[in-house]
Amino acid sequence: MVDVGTGLIAIGAGLSLGLSAIAAGTAEKSIGAAAVGAIAEKDELFGKGLIFTVIPESLVIFGLVIAILILQMAAAP
């Protein structure tokens, strides 16, 4: 049987990854629409639009790192 503390650690890890993914998706929605509009007007802005579209994905990577660190707390005695 798993104790309550381990379950709460798992919930915390899931929340850190899930909420960061939702935040990145919400941010990328607005940035992507603006980038496509800018690229439609000026083709030279493709590189900047691509970089701005990729930046929110770093939030998910940070959330994954935090989830891994939290799960390692559960494995420690």
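Do you know which residues across segment 12-34 are exposed (fewer than 11 other Cβ atoms within 10 Å of the Cβ) and either at pLDDT below 90 or of a type in the set (A, V, I, L, M, F, W, C) (or both)?
Ala33
Which residues, counting only those in segment 35-69, are surrounded by fewer than 13 Cβ atoms within 10 Å (Cβ to Cβ) and small (Gly, Ala, Ser)?
Gly37, Ala40, Gly47, Ser58
What tally of residues in segment 22-42 results from selecting those that are of a type in the set (A, V, I, L, M) and within 13 Å of Ser58 (Cα to Cα)?
Summing the residues that are of a type in the set (A, V, I, L, M) and within 13 Å of Ser58 (Cα to Cα) in segment 22-42 gives 4.
Report the residue count in segment 18-77 for those that are assigned to a helix (DSSP H, G or I) and over 26 Å from Gly5 (Cα atoms).
Going through segment 18-77 one residue at a time, the tally reaches 34.
Check whether at least one residue in segment 15-36 is of a type in the set (A, V, I, L, M), in contact with a Gly (Cβ under 6 Å, 6 or more places away or on another chain) and free of Cβ contacts under 8 Å to residues at least 40 places away in the same chain, and report yes or no.
Within segment 15-36, one or more residues are of a type in the set (A, V, I, L, M), in contact with a Gly (Cβ under 6 Å, 6 or more places away or on another chain) and free of Cβ contacts under 8 Å to residues at least 40 places away in the same chain.
The values are calculated or read from the model by the stated rules, or taken from the named source; none is laboratory data. Nothing here was measured: the structure is a model prediction, and the numbers come from that model. Ideal geometry is used to build each Cβ from the backbone, glycine not excepted, and the neighbour counts take in all protein chains shown.
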